[in-house]
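Some notes on the structure that comes next.
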Amino acid sequence: MLISTEAGAGEIVAAHDDTRFYDDVGCLAADWKAHAREAAAFVRVESGGWVDARQAWFAHPERARTAMASGLLAYATADAAKQADRGGRALGWDEVVADAGERR
């Protein structure tokens, strides 16, 4: 997959499979359950750099533009996510994955 912007980007890395790249955290979260047992997920945080998705915090900023319109961006800290979120919330990875499962 071509990643047109780093905002919202992510990847699933597995020992016995090709790395899967995503241009939207929402798509990564929706695909995660199929790979969770044998892989790790990484997301690009808003401040730069890559972190394990389980260590990141997520938010829906008011003006977020993501490739597949989830509007989810990753942050290195809960405080940064809360400040960015339009509702003042910081979401953990488990919440993002559960929400993605409900949308399917």
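The values are calculated or read from the model by the stated rules, or taken from the named source; none is laboratory data. Because the structure is predicted, anything quoted here is derived from the model rather than measured. Glycine gets a Cβ as well: all are built from the backbone with ideal geometry, and neighbour counts include every protein chain shown.
Below, the figures for the structure above:
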| read-out | value |
| --- | --- |
| Which listed residue, of Ala64, Ala34, is under 21 Å from Val13 (Cβ atoms) and part of a loop (DSSP other than H, G, I, E, B) | Ala34 |
| Within segment 44-53, considering residues that are touching a residue at least 24 places away in the same chain (Cβ under 8 Å) and assigned to a loop (DSSP other than H, G, I, E, B), the one nearest to Gly92 (Cα to Cα) | Glu46 |
| Count - residues of segment 82-95 that are over 20 Å from Trp32 (Cα atoms) and either buried (at least 18 other Cβ atoms within 10 Å of the Cβ) or touching a residue at least 40 places away in the same chain (Cβ under 8 Å) (or both) | 2 |
| Residue among Ala56, Ala76, Ala41, Ala80 that alone is under 12 Å from the mean Cα position of the chain (by Cα), over 15 Å from Glu95 (Cα atoms) and modelled with pLDDT of 95 or more | Ala76 |
| Considering residues of segment 67-81 that are part of a loop (DSSP other than H, G, I, E, B) and not small (Gly, Ala, Ser) only, the residue surrounded by the fewest Cβ atoms within 10 Å (Cβ to Cβ) | Thr77 |
| Any hit, segment 19-27, residues being under 14 Å from Asp94 (Cβ atoms) and either in contact with a Ser or Thr (Cβ under 9 Å, 6 or more places away or on another chain) or assigned to a loop (DSSP other than H, G, I, E, B) (or both) | yes |
| In segment 39-66, residue nearest to His16 (Cα to Cα) [restricted to those that are of a type in the set (Lys, Arg) and surrounded by fewer than 14 Cβ atoms within 10 Å (Cβ to Cβ)] | Arg54 |
